[in-house]
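As structure tokens, the structure follows; a few thoughts come after it.
The values are calculated or read from the model by the stated rules, or taken from the named source; none is laboratory data. No experiment lies behind these values; they were computed from the predicted model shown. As a convention, Cβ positions derive from the backbone with ideal geometry for all residues, glycine included, and neighbour counts pool all protein chains shown. We work out accessible area using only protein heavy atoms, side chains counted, and drop any ligands, DNA or RNA first. Shrake-Rupley method; radii C 1.70, N 1.55, O 1.52, S 1.80 Å.
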Amino acid sequence: MAVTVQEQAGCPVEDFLFREGATRHYYQLKDDLQITWGEGGSKLKKEYVAQKAACDAQGGEYTLTVVVSHDHRKASLDENVPAKLKDTVVVFHFPAVRRPSELARHPDLREPLVRVSASRALGGELLRAIVEEFALAWIECEPDGEGVCDLGRMIQFLRDRPSYRVHRPLPAVMHADWDRFGEVLAAVPDLIWHVSGGHFEWSLPPREAGLFTVPCDSDGFQRFVDRVLAAQPRSFDDFEGLLP
């Protein structure tokens, strides 16, 4: 299913328009300490009433969301939703952030970041790296003439750069001697490993853990497997010496 993102979409609720297949999601971002439905001649109310009318006329599924950066404004807007917009508009509180590290620490983002990460054990540095990588992909994957950016293109941009830590599909054939590779590693005391995120991840609780620096669908990973098969490590120190 195609997912696209568009800034300033040229409609009544225009700050962000997400298209998820045939479903459209409209967002307006408000950082105003005093924002109300009636402020400025009921500007906010008129925008959402107009957007609802346009969406109803167009047909298909859609959502309308007001995003506010101050939690007291969410409480006020929720309490005073105009009758025409009840059961249609959602008010969502999302604090303003100034840098990727702040965004990475936001509790509402942890679960989505885990889903797109190559690692099961996300620390603060990896979370921040993923946020920064998507920010770069947003810049590099230039929108089309209408300002629409394709999320699939952004993800492919990241997957084309092996050092980035986003989830990627595993190759159909991991290695010609993959079963023997598993048997060799099983002989290393206390070593734990898996490849669920498209990368090789290992740990030796409680002192060591790491994510392999290249993805499993790369030549570099094939060479690593070859080294392990040739060396037959019997200790963690022997195994660690085979890592890049």
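List the residues of the range 198-239 whose backbone N lies under 19 Å from a point placed 7 Å from the Cα of Val114 along the Cα-to-Cβ direction. Flagged as within label range: 198-199, 201-203, 210-211.
Quarter the surface of the alpha carbon convex hull of the range 1-115 and you get the mean projected area, 8.2 square nanometres. With contributions of -39500 (n - 2.57) from each DSSP H run of at least four residues, the per-residue ellipticity at 222 nm computed over the chain stands at -12000 deg cm²/dmol.
With contacts taken as Cα pairs under 8 Å and at least 6 residues apart, the chain reaches a relative contact order of 14 percent.
With all protein chains in place and a 1.4 Å probe, the accessible surface of the chain carries 53 percent carbon and sulfur. Only the Cβ atoms of Lys and Arg (+1) and of Asp and Glu (-1) were treated as charged; on that basis the dipole of the chain about its Cα centre amounts to roughly 500 debye. Straight-line reach only, C-alpha to C-alpha below 19 angstrom: list the aspartates and glutamates that Lys46 could link to, leaving out same-chain residues fewer than 8 apart. Output for Lys46: Glu14, Asp15, Asp31, Asp32, Asp56, Asp78, Glu79, Asp87. Probing with 1.4 Å while keeping every protein chain in the model, the per residue accessible area of the range 5-121 equals 56 Å². Taking packing as the residue-averaged number of other Cβ atoms within 10 angstrom, the listed peptides 71-80, 25-34 run from highest to lowest as 25-34, 71-80.
When all alpha carbon pairs of the chain are counted in 10 Å bins from zero, the resulting P(r) reads 6, 24, 26, 19, 12, 9, 4, 0 %.
For Glu208, nonlocal amide neighbours, meaning residues 5 or more places apart or on other chains whose placed amide H falls under 5 Å from its own, do not occur. Evaluated with a Cβ-only charge set (Lys, Arg +1; Asp, Glu -1), the range 64-159 carries a dipole of roughly 320 debye about its Cα centre, given to the nearest 20.
Its Cα gyration tensor gives the range 45-98 an equivalent ellipsoid. The semi-axes, each the square root of 5 times an eigenvalue, are 23, 13, 8 Å from largest down. What per residue convex hull volume, in Å³, comes out for the range 3-48 when only alpha-carbon positions are used? Given the Cα convex hull of the range 3-48, per-residue volume reads 76 Å³.
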